[in-house]
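Here's the structure we're looking at; comments come further down.
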Amino acid sequence: MTFDVEVLLKGTDEVVTETVTQGADVSAWTDEDVRQVLLSTLRVFARASGDDTPGGDVALRGLSWIVTETTGGVAIAIEIPSGAIAAGPFDLAVDELTQMVTRVIATGVPTVPISTSVH
């Protein structure tokens, strides 16, 4: 699966775009695949913000998100205090991806090293 991640840092007007390739085809996604998409998306944000320090932690909580229709499918839009992120498009129904993201965030996802800063 290949998808784009677009990052807009607060206080800037330049969008940083990175293409991510990972995991299974979207038609075979599990909640773990969605978790990896979210973590990959946050890693792109960390790189764009210049805060890609190894050894830190990130947790999938405390962020505002929505799954929305877009050209070519649906996208995951995330807003955090230091910026906004969009990932996609994904060839899934809005409701299906919304339910998967909801479950992933609700499960108390373990932290994964990527950054020492809170965004």
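The values are calculated or read from the model by the stated rules, or taken from the named source; none is laboratory data. As the structure is a prediction and not an experimental result, all values here were calculated from the model. A quick note on method: Cβ atoms are made from the backbone with ideal geometry, for glycine too, and the neighbour counts reach across all protein chains shown.
Brief remarks on what is shown
- The set of residues in the stretch 8-30 being small (Gly, Ala, Ser) and touching a helix residue (DSSP H, G or I) at 6+ places or on another chain (Cβ under 9 Å) consists of Gly23, Ala24.
- Residue satisfying all of: in the stretch 1-11; touching a residue at least 40 places away in the same chain (Cβ under 8 Å) and assigned to a strand (DSSP E or B); farthest from Glu79 (Cα to Cα) among these: Phe3
- Filter result for Glu6 (surrounded by fewer than 16 Cβ atoms within 10 Å (Cβ to Cβ), among the acidic types (Asp, Glu) and modelled with pLDDT of 90 or more): no
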